[in-house]
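Below you'll find the structure, written out as structure tokens, and then a few comments.
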Amino acid sequence: MMSSGNWRSGLISIVVIMIVLLLPLGVNLFLKSSYYNDQGLKRLAAEKPQDFFLGNSILASRIDIPLLKKLLPQRKISFAAYSASKPNLWYRIIKNDLIASGARPETIIFFLFGNELLQPISLPSQGNHALMAMRKSVANEPIVKREMLASHPLLTVKYFLMSLYAIQSLHNDINWYLTNLTMFLSQPSYREALLERKKANHMRIRAGILDSVNKLMERTGSTGVSQMAEIGVNGQFIQRLDFADALPRSYLPEILELLNSHGILPVFIQVNSLHRLNRQGEVFEFDRLLHRELGQYLSAHGAVYIDESEDSVVSSDMFADLTHIHNSYKAYYTKYFVRRYGDKCSDNFSTESGLKCQSWRFLTDLKPQRTTEAK
């Protein structure tokens, strides 16, 4: 038999465990805030932009927002770029930040790489992506139910537990960033080592991918381009998708319906990348087919789709890695972007001060007419 002291110790342990587990849950349920971060909503409500740039690091590495605002001084421009974000987050930002803020921009401009616009509806598999999605989800978010139905049961359980303990998860997240930031700022040796490790990692990935591409092309000849779906890029695999199969399972129809119903013109820019520029600019056939089908669908639904994946405006030496361009070339690309797509521009392009545009060609000659078949 257990002594009264052992019973007391066991009971105290159980009470402590219950407090540790239930306190964060109780706080969350009491707040009933659904963890939604309304900073983006408040910013958009105050700025009331005419143009809203939304995307991930692909966008952030290409567009210099202060310079863009100088080149289009008559336009109100807002910008939101979340590293590694995908359509599951973009949909939430459009619905819960942009639309809910009352802002009605004329355009919303996305920068894309590969097939990310056809990301299937599902719960985020990585913890940081799940937290980002939670912080942009309102209570009883309808899309979450669809994501749960389309996801693996274990992923659904993980997401549910993270939502119950979002404060604890946020604490862990902040602690990780603050620890590394403190070491980065206070220890020059740590800072230098971190930067060198990042540079070496980029060079290793770049060299490895290009070596794999070259070996595959040498082994298979011109027929090898169809096998490029097996080559990894930045830790991800380029997947050959059947557009007709992928489309209804993606966030794209939801995004287009939301934007069209509020009179906002979507503009999608498909960027080029280092792996596409390899072998003197050869673009892989499955990429080309996917981009063509995607462009036809978007144009039929009143969106602007521009495929820059075969453009040489960003050369191989401008890339910092396989998909992002060096920060030193951001201004170069921003000026190119305005010169190509700006409307009612000044004629003097010889100097930066002479480059000024009043609007976008997206709103005039580049704007497609929505077909009657589009639904």
Decide, for the stretch 32-82, between rounded, prolate and oblate: order the square roots of the alpha carbon gyration tensor eigenvalues as a ≥ b ≥ c, take rounded if a/c falls under 1.5, and otherwise choose prolate if a/b is larger than b/c, else oblate. oblate
For q = 0.09, 0.14, 0.19 Å⁻¹, Debye-computed log10 I/I(0) when each Cα of the stretch 37-151 counts as one equal scatterer: -0.25, -0.60, -1.05
Checked against a 26 Å limit on the C-alpha separation, the offending pairs among Lys95/Lys356; Lys70/Lys367; Lys95/Lys330; Lys136/Lys335; Lys69/Lys367; Lys95/Lys344 are Lys95/Lys356; Lys95/Lys330; Lys136/Lys335; Lys95/Lys344
Relative packing of peptides 359-367, 319-327 - highest average C-beta neighbours within 10 Å first: 319-327, 359-367
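No value in this document is a laboratory result; all are computed from the given coordinates. Since the structure is predicted, the reported quantities are computational estimates derived from the model, not experimental observations. When we count neighbours, we look across all protein chains shown, and the Cβ atoms used for this are built from the backbone with ideal geometry, even at glycine.
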